[in-house]
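The values are calculated or read from the model by the stated rules, or taken from the named source; none is laboratory data. No experiment lies behind these values; they were computed from the predicted model shown. We place every Cβ from the backbone using ideal geometry, glycine too, and count neighbours over all the protein chains shown.
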Amino acid sequence: MRRQPNISHSFRALRAGIVLAILFHLVMLDLAAQAQRLEDNRVPKEGQNYYVSPKGSDRNDGSLKHPWMTIEHASSWLLPGDTVHVLPGVYRGRIATAASGLADAHITYISDQKWEAHIIGNVVDRSAWDNRGNYVDIIGFDVSGVGRTGLYNDGSHVRFIANHVHDIAGPTSALCDNGGAGIFHGNYSGSDNDTIGNRVHDIGWTKASLCATSGSQVHGIYHANRGGHIVNNLVYHNRAYGIHLWHAASDVVISGNTVFNNGSSGLVVGAGDKPHGNRADNCIVSNNILAYNIRYGFVESGNTGTRNQYTNNLTYENKLGPFQLQNGNAATDTINADPQFVNYTGDSRGNYRLMRTSPALRSGSREGAPADDVEGRTRSGPGIDIGAYQSAADPRNVSAMR
């Protein structure tokens with residue numbers, strides 16, 4: 001008898017071959033998708049542009065023609081790379097945002113006309129704007145209010161750029177020991193936060209009588225975590241320190257600031273309280289003007305290391321002296337002389353650019369120096385000036401700081 005072909009066996013073999021082919025195809029598709037995702041992660045995200053206006057509605061689509069009404073609502077729609085353009089007007093209330101960007105695709109909130117979007121915090125003992133997202137830029141706002149903090153950040157890789165933060169009331173008696181600040185990077189576990197080109201003044205005076213013994217805890221700029229830059233800021237007439245590093249602060253660059261007429265020292269580099277065991281070290285303090293402050297120009301306090309650098313700063317008429325450092329640290333090339341502001345008044349009426357005869361002109365160091373000044377003028381060229389203003393260079397757009 002002739003053997004008949006085993007049809008069922010052939011069918012099973014064919015079916016197995018088809019299954020293997022399908023599996024192979026699916027694996028290749030998955031590998032291709034993974035490769036595309038990796039490629040997408042390498043390409044900066046351009047993102048969408050959305051708009052907010054006091055005349056808008058949160059039922060709108062967020063376009064320029066149909067803007068939203070609140071920044072907080074806009075935040076709930078954002079993806080990495082997106083930008084929220086905030087149109088001129090008054091925005092009352094406490095803003096809370098939590099959207100996060102990526103290293104190459106920040107979330108951006110920008111006042112479309114510098115300082116014309118007015119954020120007025122109306123919640124006592126809280127911040128006017130509370131940011132919880134990472135990789136976020138907040139640019140060009142006017143911020144004031146009845147709370148104890150203007151701009152508060154709990155994230156990492158966050159930049160406060162070119163904002164005007166002023167007349168923040170400070171804490172009530174219930175929270176005196178918690179203090180307050182105009183700009184506050186407050187998460188001890190956060191890192192790499194920047195404060196660039198802001199004007200911060202008159203923080204903590206409104207409610208000073210409610211916390212008569214706690215003035216040292218209401219500051220202009222407060223930085224409580226590792227890394228980051230505090231550069232090109234004008235910081236004046238704040239109740240306590242102009243710029244305060246504490247808690248987990250280390251490896252911070254403080255350069256090109258103009259800090260004057262504050263109720264304590266112009267700058268303190270230090271660490272203490274929580275988290276225990278932290279040490280403020282590896283900080284660079286360069287090219288700052290620190291003048292007319294009630295205590296020192298700059299000081300170290302608490303737990304500090306031996307690798308902080310202080311170079312090419314100008315101090316003048318600080319009541320207790322130019323500086324006070326610890327651990328044998330030295331301040332090199334410090335200038336003790338009148339900075340010769342165009343018009344010094346100690347408040348917002350003054351002009352804190354430098355006269356042609358100022359000793360701060362061309363006296364700065366490249367160590368830690370930002371590329372531009374507070375107005376976007378380049379600091380390269382014949383020399384770097386000390387303070388927030390560079391005397392002579394071509395102006396550049398503030399967006400260069402982004």
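Does S365 meet the test of being within 24 Å of the chain's Cα centre (by Cα), over 16 Å from N261 (Cα atoms) and assigned to a strand (DSSP E or B)?
The answer is no for S365.
Restricting the first residue to the stretch 278-291 and requiring it to be at pLDDT below 95, which pairs with a second residue that is in a strand (DSSP E or B) and not charged (D, E, K, R) meet a Cβ separation below 6 Å and a spacing of at least six or different chains?
N278/A271
Tally time: how many residues in the stretch 376-402 are of a type outside the set (D, E, K, R), more than 18 Å from the chain's Cα centre (by Cα) and modelled with pLDDT of 70 or more?
11
Does the stretch 203-222 contain at least one residue that is closer than 15 Å to G150 by Cα and under 11 Å from the mean Cα position of the chain (by Cα)?
Yes, the stretch 203-222 has at least one match.
If you check N261, N303, N313, which single one turns out to be surrounded by fewer than 24 Cβ atoms within 10 Å (Cβ to Cβ), over 18 Å from the mean Cα position of the chain (by Cα) and touching a residue at least 60 places away in the same chain (Cβ under 8 Å)?
Result: N261 is the single residue among N261, N303, N313 that is surrounded by fewer than 24 Cβ atoms within 10 Å (Cβ to Cβ), over 18 Å from the mean Cα position of the chain (by Cα) and touching a residue at least 60 places away in the same chain (Cβ under 8 Å).
Could you tell me how many of the residues in the stretch 115-157 are β-branched (V, I, T), buried (at least 24 other Cβ atoms within 10 Å of the Cβ) and over 26 Å from N49 (Cβ atoms)?
1
Given the criteria on the phi < 0 side of the Ramachandran plot, in the same structural domain as T83 (by TED's automatic domain parsing) and of a type in the set (D, E, K, R), does D137 qualify?
When the stated conditions are applied, D137 passes them.
Scan the stretch 203-222 and give yes if some residue there is at pLDDT below 95, touching a strand residue (DSSP E or B) at 6+ places or on another chain (Cβ under 9 Å) and farther than 24 Å from G346 by Cα, otherwise no.
Scanning the stretch 203-222 turns up no residue that is at pLDDT below 95, touching a strand residue (DSSP E or B) at 6+ places or on another chain (Cβ under 9 Å) and farther than 24 Å from G346 by Cα.
Looking only at the stretch 270-295, count every residue that is surrounded by 24 or more Cβ atoms within 10 Å (Cβ to Cβ) and within 16 Å of G321 (Cα to Cα) and tell me the total.
5
Looking only at the stretch 167-176, decide whether some residue is in contact with a strand residue (DSSP E or B) (Cβ under 9 Å, 6 or more places away or on another chain), assigned by TED's automatic domain parsing to the domain that holds R379 and at pLDDT 95 or above.
Scanning the stretch 167-176 turns up at least one residue that is in contact with a strand residue (DSSP E or B) (Cβ under 9 Å, 6 or more places away or on another chain), assigned by TED's automatic domain parsing to the domain that holds R379 and at pLDDT 95 or above.
Just give me the residues in the stretch 158-168 being surrounded by fewer than 24 Cβ atoms within 10 Å (Cβ to Cβ) and under 14 Å from I120 (Cβ atoms), in sequence order.
If the condition is that a residue be surrounded by fewer than 24 Cβ atoms within 10 Å (Cβ to Cβ) and under 14 Å from I120 (Cβ atoms), then H164, H166, D167 are the ones that fit.
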